[in-house]
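S.K.: Mind having a look at this structure? Questions to follow.
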């Protein structure tokens, strides 16, 4: 790297607007080791022991960064309907114990969503198309992922499921 490139990179790091400098952006990490939103990939999948009578999904949180980070708690979850602005039900969070999981690069943490197969009274049935997830205690940790299977929620914010605490192992 030439002296000119080093100076341009230093100026870019300080926020000085420059034309293309060839400086690769450096990832930012939490000084306390907590996971940041960009470090996690979130997906929803049908739980291996899900049944029609007791349907459940797993949320997976994968550390996609090159550094370990700490993560834990109960995620916030909301189901979305046919458009990004149409809610298809809320998900109640289980009681959380404050503890954290260390996620090495590539490690996966899980949170189980127990779906309620019985619609609440007064429910207007709505097909769940998306799962909106707020990762607990994660700056910038809001994600939207596709619903992994057909499930009918309720238009609005009726509670149609319960989500558990993030764990290092998939629930039985």
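Each reported figure results from applying straightforward, stated rules to the coordinates on display, with no laboratory input. Since we're looking at a predicted model, the values are computed, not measured. So basically every Cβ, Gly included, is an ideal-geometry build from the backbone, and we count neighbours across all protein chains shown.
S.K.: Rounded, prolate or oblate: which fits region 31-163, taking a ≥ b ≥ c as square roots of the Cα gyration tensor eigenvalues, rounded meaning a/c under 1.5, else prolate when a/b beats b/c? All intermediate terms of the calculation are to be shown ahead of the outcome.
M.R.: Working: a/c = 2.10, a/b = 1.91, b/c = 1.10.
Since a/c reaches 1.5 and a/b is larger than b/c, the shape of region 31-163 is classed as prolate.
S.K.: Oh, and also: Describe numerically, in nm with one decimal, the distance between label points set 7 Å from Cα along Cα→Cβ at residue 92 and at residue 43.
M.R.: The modelled label-to-label distance comes out at 3.0 nm.
S.K.: What is the gain in length, in nm to one decimal, between residue 157 and residue 171 on full extension, counting 0.36 nm per residue of separation less the C-alpha to C-alpha distance? If you can, show how the numbers build up before the last one.
M.R.: Numbers: separation 14, 0.36 × 14 = 5.04 nm, distance 2.63 nm.
Length difference between fully extended and current span is 2.4 nm.
S.K.: Here's something else I'd like to know. Taking 8 Å as the Cα distance limit and 6 or more residues as the minimum spacing, I'd like the relative contact order of region 31-163 as a percentage. Mind showing how you got there, number by number?
M.R.: On the way: 341 pairs, mean separation 44.0, N = 133.
Once divided by the residue count of region 31-163, the mean separation gives 33 percent.
S.K.: Between residue 127 and residue 108, what length comes free when the chain is fully extended (0.36 nm per residue of separation minus the Cα-Cα distance, one decimal in nm)? Don't jump to the answer; show the numbers that get you there.
M.R.: Working: separation 19, 0.36 × 19 = 6.84 nm, distance 2.80 nm.
Gain in length upon complete extension: 4.0 nm.
S.K.: Label points 7 Å out from Cα along the Cβ direction at residue 139 and residue 30: separation in nm?
M.R.: Rounded to a tenth, the inter-label distance reads 0.9 nm.
S.K.: How do 49, 86 line up, fewest other C-beta atoms within 10 Å first?
M.R.: Details: 49 10, 86 14.
If I rank by nearby Cβ atoms, fewest first, I get 49, 86.
S.K.: Follow-up. Determine the gain in length on full extension of the stretch residue 99-residue 149; use 0.36 nm per residue of separation and subtract their C-alpha separation, reporting nm with one decimal.
M.R.: Numbers: separation 50, 0.36 × 50 = 18.00 nm, distance 3.05 nm.
Here the answer is 15.0 nm.
S.K.: For residue 82 and residue 52, what does the FRET efficiency come to when R0 = 30 Å and r is the distance between their Cβ atoms, rounded to the nearest 0.05? Each step should come with its number before you reach the end.
M.R.: Working: r = 24 Å, r/R0 = 0.78.
Given R0 = 30 Å and the Cβ-Cβ separation, E is 0.80.
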